[in-house]
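Below: one structure, written as structure tokens.
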Amino acid sequence: MALTSSPVVLETQIPGAPAPKRGKVRDIYDLGDKLLIVVTDRLSAFDVIMPNGIPDKGVVLNQISLYWFKQVEGVLPNHIISTDIATLPEPFRKAQDQLLHRSMIVKKAQPLAAECIVRGYLTGSGLKEYQKTGKVCGIELPKGLVESSRIAEPIFTPSTKAEQGHDLNISFEEMKKSLRTTTWRKG
């Protein structure tokens, strides 16, 4: 698949379509019984959306996601219905330049309000938490670590998935409790 020659897509503008919910990188359209997820070229770092996008970033991210969904679909069911934009309602079919290779039609599902991060180095919000408490997400780390210190063994550091603003680091136990499930395994 060749990359597109379309301009950077910072947000989709589809006349006649309902306004999407805009995340940090994705625009999500409610199609009634399903959703249309469009991966834009927006760049988000440390929960800040940058003013400039990266050409075809959304295409690449969407294609990587689709590849891995296909690789594991026999092991773990997923939410993908189709990537065929010809099956979408009329306003969307006219927006091929904004949707081609960067969108997927998916089943509606209840999202888990957690972000799963594996850290091998101490930086960002993990560094800030470590400087205050000596821990990251409840995991005690050795004394004397500084910005970008390598962590001896990678650690799992979940955070809340904020609708807006910054995600907040939480412990594995807090994540389990907030998601109210007993199907968790650690390790």
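FYI, it's all coordinate maths here, none of it is from the lab. Nothing here was measured: the structure is a model prediction, and the numbers come from that model. Here the Cβ is made from the backbone with ideal geometry for all residues, glycine too, and neighbour counts use every protein chain on show.
Grab the beta carbon distance between S65 and Y121, set R0 = 25 Å, and tell me the FRET efficiency rounded to 0.05.
0.55
Between T133 and M50, the C-beta separation translates, for a Förster distance of 35 Å, into a calculated FRET efficiency of about 0.75. Under a point-charge model restricted to the Cβ atoms of Lys and Arg (+1) and Asp and Glu (-1), what is the dipole moment magnitude of the chain relative to its Cα centre, in debye to the nearest 20? With only Lys, Arg, Asp and Glu charged at Cβ, the dipole is about 420 debye. The charge dipole of the stretch 97-171, taken about its Cα centre with unit charges on the Cβ atoms of Lys, Arg (+1), Asp and Glu (-1) only, comes to about 80 debye. With the cut-off at 19 Å, tell me which of the pairs K143/K177; K21/K161; K24/K57; K107/K177; K21/K107 have Cα atoms farther apart than that. Those over the limit are K143/K177; K107/K177.
For a modelled paramagnetic label at I80, 7 Å from Cα along Cα-to-Cβ, the residues of the stretch 92-122 in reach, with backbone nitrogen under 17 Å, are 100-109.
Within the shell of other residues whose beta carbon sits under 9 angstrom from the beta carbon of V59, the net charge comes to 0, with Lys and Arg scored +1 and Asp and Glu -1. Contact order, relative form, for the chain: 17 percent (alpha carbon pairs under 8 Å, 6 or more residues apart, mean separation divided by residue count).
Multiplying the residue separation of E147 and V72 by 0.36 nm and subtracting their alpha-carbon distance yields 23.4 nm.
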